[in-house]
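Remarks on the structure that follows.
The values are calculated or read from the model by the stated rules, or taken from the named source; none is laboratory data. Remember, it's a predicted structure, so these values are computed and weren't measured experimentally. Counting neighbours? That spans all protein chains shown, and the Cβs are built from the backbone with ideal geometry, glycine included. The protein model used for the area step is the full one, side chains on, heavy atoms only, and it has no ligands, DNA or RNA in it. Shrake-Rupley method; radii C 1.70, N 1.55, O 1.52, S 1.80 Å.
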Amino acid sequence: MNWRTVDMSRESRRDQFAYFQTLSNPYVGVTVQVDVTELAVWCRERGTSFFLAVLYAAVRAANGVPELRRRIRGDQVVEYDRCPSSHTVALPDGTYCYCTLDCAQPLGAFLPAAQTEVARVKAAPSLDDGADPDELFFVSSLPW
């Protein structure tokens, strides 16, 4: 994904970024409760993966917030034009692998492409996302 350097001298959050730059592994996590009743019904009626639909909506929303696409790189802050997702896929032996998905396409195209990619990583599991880890939105859910 493409990125640009952000001029932090003009940003209201420059002090927060300066603080996070001092940390050895800076990150931010978001946990929210959301009423997904209508989405669950929609998925059930269409036989669609509820997780993939939620993943799509969450990553599309996160990509809509420029500050969530920003990363600290050395002494600079960069902003990606968009960030794909990375999520865990449970494997039959109780382990897991990673799956990276690009949510930039329309939902109708995303869902079958995502199902194909999940099947591919299950067949050849890896803990390597194969992408620049800075550009990813890491997504997990409980229960699996």
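What does the accessible area of D81 come to, in Å² to the nearest 10, when a probe of 1.4 Å is used?
The accessible area comes out at roughly 80 Å².
Given 0.36 nm per residue, what is the gain on full extension from A131 to F20 after removing their alpha carbon distance, in nm?
Here the segment from A131 to F20 would lengthen by 37.7 nm.
Can you tell me the accessible area per residue over the chain, all protein chains present, probe 1.4 angstrom, in square angstrom?
66 Å²
Between beta-carbons, use under 15 Å as the cut-off and find the net charge around V54, counting Lys and Arg +1, Asp and Glu -1.
Within the 15 Å Cβ shell, the charges total +1.
Which percent of the accessible heavy-atom area of the chain goes to carbon and sulfur, probe 1.4 angstrom?
Result for the chain: 54 percent of the exposed heavy-atom area is carbon or sulfur.
From the backbone phi of the range 28-44, what are the Karplus-calculated ³J(HN,Hα) couplings (6.51 cos²θ - 1.76 cosθ + 1.60, θ = phi - 60°) in whole Hz, Gly and Pro given as x?
In residue order, the calculated couplings are 9, x, 10, 10, 9, 9, 9, 7, 10, 4, 5, 5, 4, 5, 4, 5, 4 Hz.
Might you report the magnitude of the Cβ-based charge dipole of the chain about its Cα centre, with Lys and Arg at +1 and Asp and Glu at -1, to the nearest 20 debye?
Approximately 160 debye in magnitude.
In a GNM of the chain with a 10 Å cut-off on Cα contacts, which of Y80, Y56, Y19 has the highest mean-square fluctuation?
Looking only at Y80, Y56, Y19, the biggest GNM fluctuation is shown by Y19.
GNM on the chain, C-alpha springs below 10 Å: top fluctuator among V65, V34, V78?
Top of the fluctuation ranking is V34.
Of G47, T100, P133, which is farthest along the charge dipole of the chain in the positive direction, counting Lys and Arg as +1 and Asp and Glu as -1 at C-beta?
G47
Apply the a/c threshold of 1.5 to the C-alpha gyration tensor of the range 61-113 and tell me whether it is rounded, prolate or oblate.
oblate
Got the relative contact order for the range 1-124 handy, in percent, Cα pairs under 8 Å and 6 or more residues apart?
Relative CO of the range 1-124 lands at 26 percent.
Sum -39500 (n - 2.57) across every DSSP H segment of at least 4 residues in the chain, then divide by the residue count to get the 222 nm mean residue ellipticity, nearest 500.
That calculation yields -10500 deg cm²/dmol at 222 nm.
Using each residue's phi in the range 106-112, evaluate 6.51 cos²θ - 1.76 cosθ + 1.60 at θ = phi - 60° and report the 3J(HN,Hα) Karplus result to the nearest Hz, with x for Gly and Pro.
x, 3, x, 8, 5, 4, x
Quick one: if you stick a label point 7 Å off each Cα along the C-beta vector at Q115 and S12, how many nm between them?
With each label point 7 Å from Cα toward Cβ, the separation is 4.4 nm.
Considering only F20, F110, F50, give the residue with the highest GNM mean-square fluctuation for the chain, with springs between Cα atoms whenever their separation is below 10 Å.
F20
If you put +1 on each Lys and Arg Cβ and -1 on each Asp and Glu Cβ, how big is the dipole of the range 41-104 around its Cα centre, in Debye rounded to 20?
120 debye
Just to make sure I understand: if all protein chains stay in place, what is the order of V30, V41, V89 by accessible area at 1.4 Å, largest first?
V30, V41, V89
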